[in-house]
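The values are calculated or read from the model by the stated rules, or taken from the named source; none is laboratory data. These numbers were taken from a predicted model, which means no experiment stands behind them. We place every Cβ from the backbone using ideal geometry, glycine too, and count neighbours over all the protein chains shown. Heavy atoms of the whole protein, side chains included, go into the accessibility calculation; ligands, DNA and RNA do not. Shrake-Rupley method; radii C 1.70, N 1.55, O 1.52, S 1.80 Å.
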There are 2 protein chains.
Amino acid sequence: MTDTLADPTLAETPATRLRGGPVMPTSSLLHPLTSAEIRLTGGYWRRWQRTNAEVVLGHCESWMERIGWIGNFDRAASSEPGWEHAGIEFVDSEVYKLLEGMAWELGRSDDAELADRYERLVARVAAAQEPDGYLHTSFGRPWQRARYSDLEWGHELYCFGHLIQAAVARIRTAGSGLLVDVAVRLADHVYETFGPDGREAVCGHPEIEPALAELGRATGDRRYIELARLFVERRGHGLLRPIEYGQEYFQDDLPVREAATLRGHAVRALYLAAGALDVAVETGDETLAAAVEEQWRHTVATRTYLTGGMGSHHQDEAYGVDFELPPDRAYSETCAGIGSNMLSWRLLLQSGDPAYADLLERTLLNNVMASPREDGAAFFYTNTLHQRNPGTVPAEDDLSVRALSSLRAPWFEVSCCPTNVARTLASVELYFATKTADGVQIHQYGEFDVDTTLDSGAPVVFSVTSGYPYRGSVVVTSRAETRRPVTLTLRIPAWAGHADVQVGSEGVSRVTGRTVEITRVFHPGDVITLDLPMDARWVTPDPRIDAVRGTVAVERGPLVLCLEQAADGPSVNDVVVDTSATLWTTDRGAAVTGRRAAVDSAPWPYGKTPATLQDLGTLQLVPYSTWANHGPSTMRVWLPAPPTPRSVGEQPTP
Amino acid sequence: MTDTLADPTLAETPATRLRGGPVMPTSSLLHPLTSAEIRLTGGYWRRWQRTNAEVVLGHCESWMERIGWIGNFDRAASSEPGWEHAGIEFVDSEVYKLLEGMAWELGRSDDAELADRYERLVARVAAAQEPDGYLHTSFGRPWQRARYSDLEWGHELYCFGHLIQAAVARIRTAGSGLLVDVAVRLADHVYETFGPDGREAVCGHPEIEPALAELGRATGDRRYIELARLFVERRGHGLLRPIEYGQEYFQDDLPVREAATLRGHAVRALYLAAGALDVAVETGDETLAAAVEEQWRHTVATRTYLTGGMGSHHQDEAYGVDFELPPDRAYSETCAGIGSNMLSWRLLLQSGDPAYADLLERTLLNNVMASPREDGAAFFYTNTLHQRNPGTVPAEDDLSVRALSSLRAPWFEVSCCPTNVARTLASVELYFATKTADGVQIHQYGEFDVDTTLDSGAPVVFSVTSGYPYRGSVVVTSRAETRRPVTLTLRIPAWAGHADVQVGSEGVSRVTGRTVEITRVFHPGDVITLDLPMDARWVTPDPRIDAVRGTVAVERGPLVLCLEQAADGPSVNDVVVDTSATLWTTDRGAAVTGRRAAVDSAPWPYGKTPATLQDLGTLQLVPYSTWANHGPSTMRVWLPAPPTPRSVGEQPTP
């Protein structure tokens, strides 16, 4: 494999923009790899990427065909008067996210049938574009609401953003195409309408911001970056009308550069922060970049679930205040996890700080990957950390509502998550490694090959093999002669704290930093082994997280574990684990000694004597992301420790 | 004072229906008193009832005048085409609840100015009634939605219910009036439209059910009771279209008689249960009555906050599942507390079980009375048990949204709570005592006189004096010669567990049951003293309430206490109380020994060492219902006990 980036003289030409991942900053400390430079070869991620190609993409397409969301474009292109729009007003975006996923998949595949489906779908979208570039199936026709008449809730620019992202994926994998032309015309229309000489407004749901920044990067047209900048800077000045949830819901309470934390609707906050960082990078705005970094830091320290999930409120899909992280009402929307990864990845590219890769790993494996059912044909929208009741079984043929079941649903009334999972899985390996002028950085582990040429001129080919996330041994084998010294940087995950590293036949050394750096001329067959500690471990929460006081969780490697019990078995709700007993490590999870806290039924649940503890024997804990694949169940991540006897009084009923 | 009920021969005649409280069952174990039979004389409740008369009623009226909610009726009565309706679609009901409150107030007052305001407001409402009896300002005009076109969300019958309740209050205090005529015409229209020969449908928001039952009782027209029965029986059969929150939101998931618990939107669930019990009583349907009793029992045992508040979800204002009672996201809507009292009162009248009076006391003092600001000019809509951040200060002149502040707001976009508080305060003493053929039952304590004649012929006059809810001594003095034996029943609150009782100059005896019964011929000057233990006491939660594991609360007498700290003082969020130290009882609250759990700032809030505890000295706890009267603050009811050291590992960042 070769790549145009291999020749530094090409780095500034339009041709170099052809290949790349979803995020290709003009400048960054770490450089992303292209899909030509990194490729999954097996293991956990290859299996999921194959499931995505074989199941998820088709699942999304056939659902949207059947329920008319794709048909909206055909009707929009027709001259039929008064046709009825299928689905809520922003379903166009689901088609675009599917197209983005297809584009990434086509970037590494020769699947002619998929290519054909992609082209036919693009043609149907393109046919709905209006002469001035506007393209939305819910607005602007005589029987519909006027264009841009409801920026608070209408999601027009949000949909455009996803169309543009889909086009960028096509540019980065194929260079051009009909969708790219559509996106450019649409972006020009938006520039005309909302640009420096246009209307001073923003969309209630950010997304156009990172999309425009990326289109600017991909096409070299700085106007798009300027427009992204305008949208970022305008926010927080009250341009959106007041809504019941308060203006922080769509981040219009404070200018981005003045905010100390992410807040409000989690997906909106994360997409906006990603776009703001893009703008900061492209305009050299260090103040803005520092504000986004600080927001990430505060949010991770105080508003993030153990799984990496974000969003504590069902009502407004929003962050709670600091340390408000209820496990049983965790919203932890799949799309927020994806938004968090978008942001962490951008920050990692700029700073190289492995903390960003740590959170990305945690969120990807424990929040995003909790969404798809193991067959790829159903999804969680929200990702609770405590399911008290099995709930109802979602219909396989009907649209589901969010969060009423312990089981994943095939499709939702608001179905942003399945297509977001699709585009993420289709491009997931692009988040695993980066390069610099003289080195390669491995951020995520699994089974993949990196094949690139550094700016130093060194050709580098590494094969990474590992049973990750279940096994802790990672083997990196050089397949090329690098000719000059190359630095291989391996992340030591924060959860591990240390790693045992062996270079070739040298002795094993224990490393306790955040990374291991091995600089040498690599020869074919050179082997580096990284051994990460995979014993299950207890995790205790910060005492300020009221909702999980007195509980513990268990992690094993990068995975958060949970206790799941079948609907017809004992419920997890009254389980207590013995934290002084052994924590056993099992093949993919852990085992603990459990007790049942038997509480006498009482007419009033306050002021009673402590529960008596009955032996439950050994309880198996399994990876959180794999729960709910075997029928209705109850589940919890945070496991109550035995209650402390207290010298306090009692009292009977209300 | 005399009353028509004094003569048992009048008990079946229409004249006896003139006087009474909000609930006058045709048959019950305990008989409610009329406003002629019980009257507040001082103390906590007299002060609040005066504030209601002098501030709350006028506050509600002037707000609704200023923002056009009353004006809607004028516009509806006019021939002006296309006028714009002010407020959301169910604001008519706020005017009706105000009229109900005014009616109760006028029942014991000679306030000519209030009477004049009442009559003028009734006239404006009456003018909007249509020839066929229909009366709603949001539906049915050419530019509005058609009548009954959105039973799920339109609240038409809900509004009618409140108009009818207001009319019933007028019947019970004045016998008749224009509003009574309006209500009867409206109820006849509803009977015509939805009765046995009408459309088989129900309203998304129950309220018409108890209202029709009461109108049937007040007028003797059984058709209204039959219509209430139809509405109750139809619910749970899928007559309402599916909504995102699921059909349990408006209790259309299960027939009332098949449900094991209250569920869904708390106010709807409680109003429906109240109406179902009314129907059960009037039709002798013991199965239905037993179902409602069981729902109350289950809900109190598993879905009720320490304050008596109900509703764990902000999203849908709904009950959570069993033991899902997060203090920081407690919705505990004021109106749900009022609905709970409506239900508990009805159950108390039927069974005499003091548990219903216990919950009513708890809910009234700690949930409903937490709503009004001490000056009566602002209200809580939701009643959280943990305010983490002071939040924003609500505007004094603008409509507020719910639950964004630690302070009460003058008025809301959806402003059901202030008018509900107004009608409750205006009739609150009617929940304090009942009578039977040969006795009087005192359920709630305070300062009031009971003056009635029993069916046995005994005239009974009792003066109750007490510094309740702050003082535990209750003195009941007879002011009349009862001529024959009368049983005075005094509730021993469940929170007390026992009481010291002294009859005249007899010795003091400690009683541990649920009631004290004193049967004798009472003479003027006879004194019964009930002493309740007012020492502050620790309360521990059922271990299944995950959200408050490892915490304690403190109660004093009937009051739930809280820790409140000013916005500029230390936050309550990291306080720990020493449960092994002394719990001091103070004048109106308690004092505990506090510690601050100092936690090092860390990049990731999981897996850290326990906090170090710093001495905070003595912390004052105050009645929960009185918090937030001194500016923005943080507050919590459940106080963390010191964390238990555990033998579990640590780990650094994400």
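Restricting the calculation to Cα atoms, the stretch B:543-611 yields a radius of gyration followed by a Dmax of 14.6, 44 Å.
As a test of the definition: which semi-axes, in Å, follow for the stretch B:289-345 when you take the square root of five times each eigenvalue of its alpha carbon gyration tensor? Largest first, please. Please list the in-between numbers first.
On the way: eigenvalues 69, 31, 17 Å².
Ellipsoid semi-axes (Å, largest first): 19, 13, 9.
Counting only protein heavy atoms and a 1.4 Å probe, tell me what percentage of the stretch A:466-580's accessible area is made up of carbon and sulfur.
Reported share for carbon and sulfur atoms: 48 percent.
Remark: C-alpha extents of the stretch A:575-634 on the principal axes read 42, 30, 15 Å, sorted largest to smallest.
The 3J(HN,Hα) values that the Karplus relation (6.51, -1.76, 1.60; θ = phi - 60°) gives for the stretch A:358-363 are, in residue order, 4, 5, 4, 4, 4, 6 Hz. Gly and Pro appear as x. The residue list A:Pro206, A:Phe250, A:Leu262 was ranked by how far each Cα lies along the charge dipole of the stretch A:201-280 toward its positive end, using unit charges on Cβ atoms, and A:Pro206 comes out on top.
Each listed q (0.13, 0.21 Å⁻¹) maps to a log10 I(q)/I(0) for the stretch B:139-197 from the Debye sum over equal C-alpha point scatterers, namely -0.40, -0.87. Put simply, the amide H of A:His205, placed in the peptide plane, has neighbours under 5 Å in A:His155, A:Tyr158, leaving out anything fewer than 5 places away on its chain.
What do you reckon, how do B:Val393, A:Val414, B:Val91 stack up by accessible area (1.4 Å probe), largest on top?
Numbers: B:Val393 100, A:Val414 25, B:Val91 5 Å².
Result, largest first: B:Val393, A:Val414, B:Val91.
A point 7 Å from Cα along Cα→Cβ stands in for B:Asp397, and the other copies hold the same point at 6.0 nm, listed in rising order. Shortest first and in nm with one decimal, please list how far the A:Gly238 label point sits from its counterparts in the other copies (point 7 Å along Cα→Cβ). Ordered by increasing distance: 5.0 nm.
Restricted to Cα atoms, the stretch B:263-319 shows a radius of gyration and a Dmax of 12.2, 37 angstrom.
Translational diffusion of the protein assembly as shown, estimated by Stokes-Einstein from the Kirkwood radius over alpha carbon pairs at 20 °C in a medium of 1.002 mPa s, is 64 µm² per second. In terms of the Cα gyration tensor, with a ≥ b ≥ c the square roots of its eigenvalues, is the stretch B:205-263 rounded because a/c is under 1.5, prolate because a/b exceeds b/c, or oblate? Prolate, since a/c reaches 1.5 and a/b exceeds b/c.
Could you calculate, for the stretch B:100-258, the ratio of the Cα radius of gyration to the Kirkwood radius, expressed as Rg to Rh? Don't skip to the end; give the middle numbers.
Values: Rg = 16.4 Å, Rh = 16.4 Å.
Radius of gyration relative to Kirkwood radius: 1.00.
For the chain pair B and A, buried accessible area totals roughly 6200 Å², probe 1.4 Å, rounded to the nearest 100.
A 1.4 Å probe, protein heavy atoms only, puts the accessible area of B:Trp143 near 100 Å².
For A:Ile338, the accessible area of its heavy atoms, probed at 1.4 Å with every protein chain present, is near 10 square angstrom. Accessible area per residue was computed with a 1.4 Å probe on protein heavy atoms; A:Lys97 scores about 0 Å². For the peptide A:598-605, the mean number of other protein chain Cβ atoms found within 10 angstrom of a residue's Cβ is 6.
In terms of its C-alpha gyration tensor, the stretch A:221-368 comes out oblate, because a/c is 1.5 or above while a/b does not outweigh b/c.
For A:His630 and A:Arg222, the difference between the fully extended length at 0.36 nm per residue and the C-alpha to C-alpha distance is 141.8 nm.
Hand me the GluC sites (Glu not before Pro) from the stretch A:503-561 located in a DSSP loop with no more than 14 other Cβ atoms within 10 Å, in residue order please.
Values: sites: A:Glu506, A:Glu517, A:Glu555; in loops: A:Glu506.
When the GluC sites (Glu not before Pro) of the stretch A:503-561 are filtered for loop state and at most 14 Cβ neighbours within 10 Å, A:Glu506 remain.
Here the protein assembly as shown is treated with +1 on each Lys and Arg Cβ and -1 on each Asp and Glu Cβ, and its dipole about the Cα centre works out to around 2180 debye. Pairwise Cα distances in the stretch A:333-405 exceed 17 Å for 52 percent of all pairs. Considering only Cα atoms, the convex hull volume of the stretch A:456-519 works out to 99 Å³ per residue. Between identical copies, the spacing of B:Gly220 label points, each set 7 Å from Cα toward the C-beta atom, reads 9.5 nm from nearest to farthest.
Below 14 angstrom from the Cβ of A:Thr283, what's the summed charge of the other residues (Lys, Arg +1; Asp, Glu -1)? Working shown, then result.
Details: positive: A:Arg217, A:Arg222, A:Arg223, A:Arg229, A:Arg257; negative: A:Glu209, A:Glu226, A:Glu233, A:Asp278, A:Glu282, A:Asp285, A:Glu286.
For residues surrounding A:Thr283, the net value is -2.
For the stretch A:464-558, taking Cα atoms only, Rg and Dmax work out to 17.0, 56 Å respectively. Which GluC sites (Glu not before Pro) in the stretch A:34-126 pass both tests, a DSSP loop state and at most 13 other beta-carbon atoms within 10 Å? Those satisfying the criteria are A:Glu84. A Förster radius of 30 Å, combined with the Cβ-Cβ distance separating B:Gln620 from B:Val321, puts the computed FRET efficiency at roughly 0.25. Ligands, DNA and RNA left out, the 1.4 Å accessible surface of the stretch B:271-313 is 48% carbon and sulfur atoms.
Segment B:Ile67..B:Ala437, full-extension length gain: 128.2 nm, with 0.36 nm per residue of separation and the alpha-carbon distance subtracted.
Translational diffusion of the stretch A:448-491 was estimated from the Stokes-Einstein equation, with Rh taken as the Kirkwood radius over Cα pairs; at 37 °C and 0.692 mPa s the coefficient is 288 µm²/s.
Under a 1.4 angstrom probe, counting protein chains only, how are A:Ser62, A:Ser35, A:Ser601, A:Ser580 ranked by accessible area, largest first? Could you put the intermediate results ahead of the total?
Numbers: A:Ser62 65, A:Ser35 5, A:Ser601 115, A:Ser580 90 Å².
Reading off the accessible areas and sorting them downward yields A:Ser601, A:Ser580, A:Ser62, A:Ser35.
What is the sum of charges, Lys and Arg at +1 and Asp and Glu at -1, for the other residues whose Cβ falls under 11 Å from the Cβ of B:Leu262? Every neighbour counted, the sum reads +2.
Which of the GluC sites (Glu not before Pro) across the stretch A:134-223 are loop residues per DSSP, with 11 or fewer other Cβ within 10 Å? Mind showing how you got there, number by number?
Values: sites: A:Glu152, A:Glu156, A:Glu192, A:Glu200, A:Glu207, A:Glu214; in loops: A:Glu152, A:Glu200, A:Glu207.
Those that pass, being in a loop and sparsely packed, are A:Glu200.
Partner shielding of B:322-331 amounts to 5, given as the average count of beta-carbon atoms from other chains within 10 Å of each residue beta-carbon. For the stretch A:549-577, a reduction of at least 40 Å² in accessible area between the chain on its own and the assembled protein chains (probe 1.4 Å) is found at A:Arg549. Calculated accessible area for chain B comes out at 32 Å² per residue, all protein chains present (probe 1.4 Å; ligands, DNA, RNA ignored). For the stretch B:153-158, 3J(HN,Hα) computed residue by residue from phi via the Karplus equation (6.51, -1.76, 1.60; θ = phi - 60°) reads 10, x, 6, 5, 5, 4 Hz, glycine and proline entered as x.
The share of alpha-carbon pairs in chain A lying farther apart than 51 Å comes to 10%.
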